[in-house]
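Here's the structure, in structure tokens; my notes come after.
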Amino acid sequence: MKAAADYLARWQPRPDRVANALREQARHELADCRIPTRSDEDWLYVNLNSLMQAELSAPAGGPPTRRPASPPLVWEMQDGVFSRAASEQPGVQVAGLDALVKDDQLMTDLLQKRSSGYPFDLLNLAALDDALVISVSAGLDCRQPLRLRYGFSAEHRTQHGLVVLRLGAGSRCHLIEEEPPTAAGYLNSRLMIQLADGATLTHWRLQVCDRGWQMNNLNVKLAAHADYELVQASLNSRLRRNDLLVQCHGDGATARLKGAFIGFADGQLDNHLTLGHDSPGGHSETRFNGLATGQSTVTFNGRIAIQPDCPSTQATLYNHNLLLSQGAKINTKPELKIYSDDVQCAHGATIGRLSDEAVFYLSSRGIPELTARQMLAAGFVGELLQDLRQEPDYSSWQKALDDSVRQTD
């Protein structure tokens, strides 16, 4: 496999962009990197060939053109550039790449190799063309959701997006990430979230594109008594990789992560989640349901890591899956790493098939067999996504679910 630096050379940032310390430091570190292979534990079930061999193009040359600003508290990234304007919400400040590179602590946090998505998180920084930094003032209750949207202007384009969201002490926010179902390029995104003491964030992610390649790296750091809730709905693509690192860094921090994922046709979907506790009294709950049909391959690797001197920590992690066809593959690997006494932890995983008895029960009451299977599958993955049903893109998720069940053997 080629070195990461050679891989990066395929889409260098536009020459007209001014170099910055973040990009240059990331480039320097790439000199010692290589693209992971299936001999690497965190990439055991990932076939990167389709991405490495894809004919991808960088964004069009020339000076970057800022598109008209999106509606208030909505930011769109297209071809690596954000449509950015000052927020009309008092207490919500917006800045870009220039401001980011002046923050030494933030630069240090970004350059740390903390993710199972390494080195793609580092590649993101080295090829970065733009960034978005959103800061929410302490004590603010931001009632209107913040929205991030990713899109492409043409097929097989490449973009590397970086978003930093910082919530001040005691603030409350709702973040929604959206990905259009028509996207068919390569998105290597990175989202860093920092919650100060007592801050609360509800985070929805709708990943409904079933084409192209996506590497999504999410880092969340919670201070004392901060509260983070994630609801994530994912479809496979030609290759989709989600790397989530959530750190309960302060005393009494709480994280609740739930979601569902679907693999169909011959797509790949790889979920890697690490939930770390390094302070006393933390609480976390993780539950993901998945199903696979066709010739797809889906993976869920969930890890709870409790560091020394973290008493009174409570953590659970569960992953349940349905295998709907002979050719599909599901890999699930829940892990516990506990280095502290006085903790309560539980984890588990299952892989099964739709119950013939349940299908028969519905069919005996006049429901066609295919509809019965769709109902059961929808109930299995949909029970964790009730909050997302109001979102327009949820219809794309529902359609993919119905189409997937039709591939059942």
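Can you go through Arg190, Arg166 and tell me which one is assigned to a strand (DSSP E or B), touching a Leu at 6+ places or on another chain (Cβ under 6 Å), of a type in the set (Lys, Arg) and under 27 Å from Ala253 (Cα atoms)?
Numbers: Arg166 fails: touching a Leu at 6+ places or on another chain (Cβ under 6 Å).
Only one candidate passes the filter, namely Arg190.
Name the residues in the range 127-165 that are of a type in the set (Lys, Arg) and either closer than 29 Å to Trp213 by Cβ or buried (at least 22 other Cβ atoms within 10 Å of the Cβ) (or both), would you?
Passing the criteria: Arg147, Arg149, Arg157.
Looking at Gln112, is it without any contact (Cβ under 8 Å) to a residue 60 or more places away in the chain, out of contact with any Leu (no Cβ under 7 Å at 6 or more places or on another chain) and either basic (Lys, Arg) or under 30 Å from His28 (Cβ atoms) (or both)?
Values: without any contact (Cβ under 8 Å) to a residue 60 or more places away in the chain: yes; out of contact with any Leu (no Cβ under 7 Å at 6 or more places or on another chain): yes; either basic (Lys, Arg) or under 30 Å from His28 (Cβ atoms) (or both): yes.
Considered against the rule, which asks whether it is without any contact (Cβ under 8 Å) to a residue 60 or more places away in the chain, out of contact with any Leu (no Cβ under 7 Å at 6 or more places or on another chain) and either basic (Lys, Arg) or under 30 Å from His28 (Cβ atoms) (or both), Gln112 comes out as yes.
Just wondering, is there one or more residues in the range 350-361 that are in contact with a Phe, Trp or Tyr (Cβ under 7 Å, 6 or more places away or on another chain), more than 23 Å from Asp243 (Cβ to Cβ) and of a type in the set (Gly, Ala, Ser)?
no
Quick one: in the range 28-55, of everything that is surrounded by 13 or more Cβ atoms within 10 Å (Cβ to Cβ) and in contact with a helix residue (DSSP H, G or I) (Cβ under 7 Å, 6 or more places away or on another chain), which residue is nearest to Ser116 (Cα to Cα)?
The extreme case among them is Pro36.
Among what's in the range 196-227 and is small (Gly, Ala, Ser) and surrounded by 22 or more Cβ atoms within 10 Å (Cβ to Cβ), pick the residue that is nearest to His272 (Cα to Cα).
Going through the qualifying residues, I end up with Gly212.
Residue by residue, here is whether (1) crowded, with 16+ Cβ neighbours inside 10 Å; (2) more than 30 Å from Glu177 (Cα to Cα); (3) touching a Pro at 6+ places or on another chain (Cβ under 9 Å); (4) among the acidic types (Asp, Glu) holds:
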site: Ile304; (1), (2), (3), (4): yes, no, yes, no
site: Ser312; (1), (2), (3), (4): no, yes, yes, no
site: Phe380; (1), (2), (3), (4): yes, no, no, no
site: Ser395; (1), (2), (3), (4): no, no, no, no
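Can you list the helices (runs of 4 or more DSSP H) lying wholly within the range 332-409 that have 1 or more residues being under 23 Å from the mean Cα position of the chain (by Cα) and farther than 30 Å from Ile306 by Cβ?
Per the criteria, 369-382, 394-405.
Please go through the range 251-279 and pick out each residue that is aliphatic (A, V, I, L, M) and either in a strand (DSSP E or B) or surrounded by fewer than 24 Cβ atoms within 10 Å (Cβ to Cβ) (or both).
Going through the range 251-279, the residues aliphatic (A, V, I, L, M) turn out to be 253, 255, 257, 260, 262, 265, 269, 273, 275.
Within the range 251-279, Ala255, Leu257, Ala260, Ile262, Ala265, Leu269, Leu273, Leu275 meet the criteria.
When you look at Asp356, is it at pLDDT 90 or above, of a type in the set (Asp, Glu) and over 23 Å from Arg287 (Cβ atoms), yes or no?
Details: at pLDDT 90 or above: no; of a type in the set (Asp, Glu): yes; over 23 Å from Arg287 (Cβ atoms): yes.
When the stated conditions are applied, Asp356 does not pass them.
Considering each residue of the range 329-356, count those that are exposed (fewer than 14 other Cβ atoms within 10 Å of the Cβ), over 25 Å from Gly263 (Cβ atoms) and of a type outside the set (Ser, Thr, Tyr), and give that number.
To start, the set of residues in the range 329-356 that are exposed (fewer than 14 other Cβ atoms within 10 Å of the Cβ) comprises 335, 337, 339, 341-342, 344, 346, 348, 350, 352-353, 355-356.
Subsequent filtering for residues that are over 25 Å from Gly263 (Cβ atoms) retains 337, 339, 341-342, 344, 346.
Keeping just the survivors that are of a type outside the set (Ser, Thr, Tyr) gives 337, 341-342, 344, 346.
Number of matching residues: 5.
Please identify the pairs in which a residue from the range 81-106 that is at pLDDT 85 or above has its Cβ atom under 8 Å from the Cβ atom of a residue that is of a type in the set (Lys, Arg), counting only partners at least 6 apart or on another chain.
Taking only residues 6 or more apart or on different chains, the pairs are Val94/Arg84; Gly96/Arg84.
The values are calculated or read from the model by the stated rules, or taken from the named source; none is laboratory data. Because the structure is predicted, anything quoted here is derived from the model rather than measured. With ideal geometry, Cβ positions are generated from the backbone for all residues, glycine too; neighbour counts draw on all protein chains shown.
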